[in-house]
1. If we keep just the residues of the range 141-161 that are buried (at least 16 other Cβ atoms within 10 Å of the Cβ) and at pLDDT 95 or above, which is farthest from residue 30 (Cα to Cα)?
2. Might you check whether a residue that is among the hydroxyl-bearing types (Ser, Thr, Tyr) and more than 24 Å from residue 29 (Cβ to Cβ) occurs anywhere in the range 175-189?
3. Return only the number of the condition from (1) surrounded by 19 or more Cβ atoms within 10 Å (Cβ to Cβ); (2) aliphatic (A, V, I, L, M); (3) in a loop (DSSP other than H, G, I, E, B) that residue 66 does not satisfy.
4. Of everything in the range 162-185, what is touching an Asp or Glu at 6+ places or on another chain (Cβ under 9 Å), under 18 Å from residue 120 (Cβ atoms) and either hydroxyl-bearing (Ser, Thr, Tyr) or surrounded by 17 or more Cβ atoms within 10 Å (Cβ to Cβ) (or both)? Give them in sequence order.
5. Residue 182 versus (1) touching a strand residue (DSSP E or B) at 6+ places or on another chain (Cβ under 7 Å); (2) within 19 Å of residue 112 (Cβ to Cβ); (3) not charged (D, E, K, R): which is the lone unmet condition?
6. Would you mind finding the one in 51, 29 that is surrounded by fewer than 18 Cβ atoms within 10 Å (Cβ to Cβ) and modelled with pLDDT of 95 or more?
7. Taking into account only those residues within the range 1-26 that are out of contact with any helix residue (DSSP H, G or I) (no Cβ under 6 Å at 6 or more places or on another chain) and of a type in the set (Asp, Glu), which is modelled with the highest pLDDT?
8. Can you name the strands (runs of 3 or more DSSP E) wholly within the range 102-193 that have at least 2 residues being of a type in the set (Gly, Ala, Ser)?
Amino acid sequence: MLSQTYWNERYLKHDTGWDLGEISRPLKEYFDQLTNRKLRILIPGCGNAYEAEYLFKLGFEHVYLIDLSQEALNAFQTRNPEFPKDQLICGNFFQHHEKYDLMVEQTFFCAIDPKLRADYVKHASTLLNPGGKLIGLLFDDPLNTEHPPFGGSKTEYEELFEPYFELNTLEKAYNSIGPRQNRELFIKLINKAC
């Protein structure tokens, strides 16, 4: 079900209820305190990628987007014609093999089949340099079981991530938007790989 065709159709129909139409406050505040503009950053399942747009305007030049949906990437490129085209990757996150300093999680984890979550964690660890960070937001809410967005819980995430990441931060986001208040966790996980 969660194929390239499925996601392209969702974007073509504007059936993107998860999309805030702008960068989320927790991510904006995290990015605002970053000082190293040379970081290599990956945003998997990027969708409309407001996070990438914001980072690029802040002067981060090494931001890479990957999504199964070419339609999502096309929409991003239309809004951001100056963004380097070679940093827009239409493909499968699980088949991507570059190295990054930072990976941004924003609604990708909840969009993949929950059976792939352990694979996601392991693969994220291989994509990040030693000490690299996985930051972002995860739903702390059961949500749906038959279709995305799939929910989860702090306990589940601790069990999944702990073998590969130091759990620096895994707490309720204090600055979520109203509809997501008390329903999402901000994560800052540090890659243990050496």
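1. So, considering only residues that are buried (at least 16 other Cβ atoms within 10 Å of the Cβ) and at pLDDT 95 or above, the one farthest from residue 30 (Cα to Cα) is 160.
2. Just the residues of the range 175-189 that are among the hydroxyl-bearing types (Ser, Thr, Tyr), to begin with: 176.
Filter again for more than 24 Å from residue 29 (Cβ to Cβ), leaving none.
No - not one qualifying residue is present in the range 175-189.
3. Condition not satisfied by residue 66: (3).
4. 170, 184, 185
5. With (1) touching a strand residue (DSSP E or B) at 6+ places or on another chain (Cβ under 7 Å); (2) within 19 Å of residue 112 (Cβ to Cβ); (3) not charged (D, E, K, R) applied to residue 182, the lone miss is (2).
6. Numbers: 51 fails: surrounded by fewer than 18 Cβ atoms within 10 Å (Cβ to Cβ).
Exactly one of 51, 29 is surrounded by fewer than 18 Cβ atoms within 10 Å (Cβ to Cβ) and modelled with pLDDT of 95 or more, namely 29.
7. Ranking the candidates gives 9 first.
8. Details: elements: 128-139, 141-143, 150-152, 165-172, 184-191.
Per the criteria, 128-139, 150-152.
The values are calculated or read from the model by the stated rules, or taken from the named source; none is laboratory data. Since the model is a prediction, treat every value here as computed from it, not as a measurement. With ideal geometry, Cβ positions are generated from the backbone for all residues, glycine too; neighbour counts draw on all protein chains shown.
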